[in-house]
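Heads up, the thing below is written out as structure tokens.
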Amino acid sequence: MAQKFTKLRINAERLGSIQEIKQLLSDFENAYNHLFAFNFIVDTLYENFKIQRNTQRENDFTLENLRSQFFDSNKYPFDPFIFEFLYSGIYYNQHNISKPALLDLYNKVDIDQIIFPTERLQITRVNIQSPGFWEFSGISKVLEQIREYLKDRHERIKDNSYRNRQEEEKGELDIIAKKESIINQRIETLRKIGCNEVEVRQFVIQAVTQPLGILGKQQANGFIEGPEE
């Protein structure tokens, strides 16, 4: 499936030292890479799930035909109860779809091995005047996830919703849990294919919440604002 690309322009409140700007760009790329891996893993697992499910359906059809032959014909001197026992065992094995170990899979992912050079985050334009901006180019669904996160977080900051650190941390999770519809769809996909709920939560925290939270600190420090509409 061909990837779609788009651009994302982020308003910048101020510049900083070389080290600070390097850290800003590094945090942005880190969030992009983690979200790329998150989407890549979920999409790949779902495609594999569909293949296994289709294979099961084909096997089910074959087993049902075989079952009918044994029960509807007198040509086979088999005890139907014996066949039912064998059939049940085969049926169970065919429907026992393997469940991926999400964290193991995620921790083994090497970005350099799954992302093509053309899919990497690119800087397309920079404006250092006031107001300034950073313009990035990359995979549409990944930049859209970053866009929605920064947009919602920027709105919360304007509404003075962060009264203390505990509320801020709670807000980070709330933004991602309730606002990120694209991410929520992928969380539901993981549940649909039978992933363990604990693993799903740990996977989302490592691949999504933490990288976006680090980027959010850059927003809190005033180096970036929300995205342009």
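Against the condition surrounded by 13 or more Cβ atoms within 10 Å (Cβ to Cβ), among the basic types (Lys, Arg), in contact with a strand residue (DSSP E or B) (Cβ under 8 Å, 6 or more places away or on another chain) and modelled with pLDDT of 75 or more, how does Arg153 come out, does it pass? If you could, list the steps in order and put the result at the bottom.
Details: surrounded by 13 or more Cβ atoms within 10 Å (Cβ to Cβ): yes; among the basic types (Lys, Arg): yes; in contact with a strand residue (DSSP E or B) (Cβ under 8 Å, 6 or more places away or on another chain): no; modelled with pLDDT of 75 or more: yes.
So Arg153 does not fit the description; no.
Identify, by number, the condition in (1) at pLDDT below 80; (2) closer than 24 Å to Lys192 by Cα; (3) not hydroxyl-bearing (Ser, Thr, Tyr) that Val109 doesn't meet.
So the condition that Val109 fails would be (1).
Could you check segment 133-142 and list, in sequence order, the residues that are within 10 Å of Lys4 (Cβ to Cβ) and either of a type in the set (Lys, Arg) or in a helix (DSSP H, G or I) (or both)?
Matches in segment 133-142: Ser140, Lys141.
Does Lys7 fit the bill of being part of a helix (DSSP H, G or I) and modelled with pLDDT of 90 or more?
Considered against the rule, which asks whether it is part of a helix (DSSP H, G or I) and modelled with pLDDT of 90 or more, Lys7 comes out as no.
Filter segment 182-208 down to residues that are open to solvent by less than 20 Å² (accessible area, probe 1.4 Å) and either modelled with pLDDT of 85 or more or among the acidic types (Asp, Glu) (or both) and give me whichever is farthest from Leu15 (Cα to Cα).
Restricting to residues being open to solvent by less than 20 Å² (accessible area, probe 1.4 Å) and either modelled with pLDDT of 85 or more or among the acidic types (Asp, Glu) (or both), the top hit is Ile193.
Determine which single condition Ile114 fails, assuming it passes every other condition in (1) surrounded by 18 or more Cβ atoms within 10 Å (Cβ to Cβ); (2) under 17 Å from Val208 (Cβ atoms).
(1)
The values are calculated or read from the model by the stated rules, or taken from the named source; none is laboratory data. The structure displayed is predicted, hence computed values, not measured ones. Cβ atoms come from the backbone with ideal geometry, glycine included; neighbour counts cover every protein chain shown. Note: accessible area is taken over every heavy atom of the protein model, side chains too, but ligands, DNA and RNA are not part of it. Shrake-Rupley method; radii C 1.70, N 1.55, O 1.52, S 1.80 Å.
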